[in-house]
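**Q** Supplied in structure tokens, the structure appears directly below.
What follows is calculated from the coordinates using simple rules that are stated; it is not laboratory data. For clarity, every value in this text was computed on a predicted model and none was experimentally measured. In this analysis, Cβ positions are derived from the backbone assuming ideal geometry, glycine residues included, and neighbour counts consider all displayed protein chains.
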Amino acid sequence: MKKNEPQDVVRLDKWLWAARFFKTRTLATEAVDRGRVRHNGALIKPAHNVRVGDTLAIDNGTTNWEVLVLGLADVRGSATIAQGLYAETEASQLKRQAMAENRRYFSEPGAAMKGRPTKRDRRLIDKSGH
């Protein structure tokens with residue numbers, strides 16, 4: 001198949017990377033292998049083909065998405081091109097907004113820290129009363 005020729009199907013891991021849900025194709029493949037991506041409600045493999053009209057449930061580690069595939073691409077383009085490849089469902093948008101609202105009001109005390117707290121971090125936690 002030539003590069004400029006329109007496609008009927010694309011590998012799932014390539015599509016997830018091209019649509020910018022994951023920074024690398026390896027991360028997309030690992031997420032699919034770990035069951036964080038569902039295709040029409042079913043667990044699948046990274047080489048599974050995606051078609052226009054399919055529904056994907058995607059957990060990229062920070063956000064959960066439910067999207068409808070509108071376009072196919074196996075190369076990574078600009079963000080505006082990537083956003084044209086899918087449409088987020090209304091239920092997914094509402095759920096993400098509710099989660100963002102919860103994070104804004106109820107931040108986890110250690111969320112900003114990576115790994116084990118240092119002695120200084122522990123003192124700050126104790127001082128804030130959490």
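**Q** Hey, what number do you get for the chain at 222 nm if only DSSP H runs of n ≥ 4 count, each worth -39500 (n - 2.57), divided across all residues, to the nearest 500?
**A** Working: 5 runs with 47 residues, N = 130.
So the calculated ellipticity at 222 nm is -10500 deg cm²/dmol.
**Q** Between 0 and 90 degrees, rounded to the nearest ten: what's the tilt of helix 90-105 against the longest Cα principal axis of the chain?
**A** For helix 90-105, the angle is close to 20 degrees.
**Q** Using only the alpha-carbon atoms of the chain, report the extent along each of the three principal axes, biggest first, to the nearest angstrom.
**A** Result for the chain: principal-axis Cα extents of 62, 29, 29 Å.
**Q** Let me ask another. Distance cut-off 29 Å, Cα to Cα: go down the list 23/119; 45/114; 23/45; 23/95; 14/95 and report the pairs above it. Each step should come with its number before you reach the end.
**A** Numbers: 23/119 33 Å; 45/114 31 Å; 23/45 19 Å; 23/95 23 Å; 14/95 26 Å.
Violating the 29 Å Cα-Cα cut-off are 23/119; 45/114.
**Q** So, one more: Going by how many other beta carbons lie within 10 Å of each one, how would you line up 8, 54, fewest first? Don't skip to the end; give the middle numbers.
**A** Details: 8 9, 54 17.
Going from least to most buried by this count: 8, 54.
**Q** Roughly speaking, what is the stretch gain from residue 78 to residue 124, that is 0.36 nm per residue apart minus the C-alpha to C-alpha distance, in nm to one decimal?
**A** Details: separation 46, 0.36 × 46 = 16.56 nm, distance 4.14 nm.
Result for the pair: 12.4 nm of gain on full extension.
**Q** Also: Using a Förster radius of 22 Å, what is the FRET efficiency between residue 23 and residue 98 based on their Cβ-Cβ separation? Nearest 0.05, please.
**A** Numbers: r = 26 Å, r/R0 = 1.16.
With a Förster radius of 22 Å, E is 0.30.
**Q** A further question on this structure: Quick one: grab Rg to one decimal and Dmax as a whole number for the range 1-70, Cα atoms only, in Å.
**A** In Å, with Rg to one decimal and Dmax whole: 11.5, 36.
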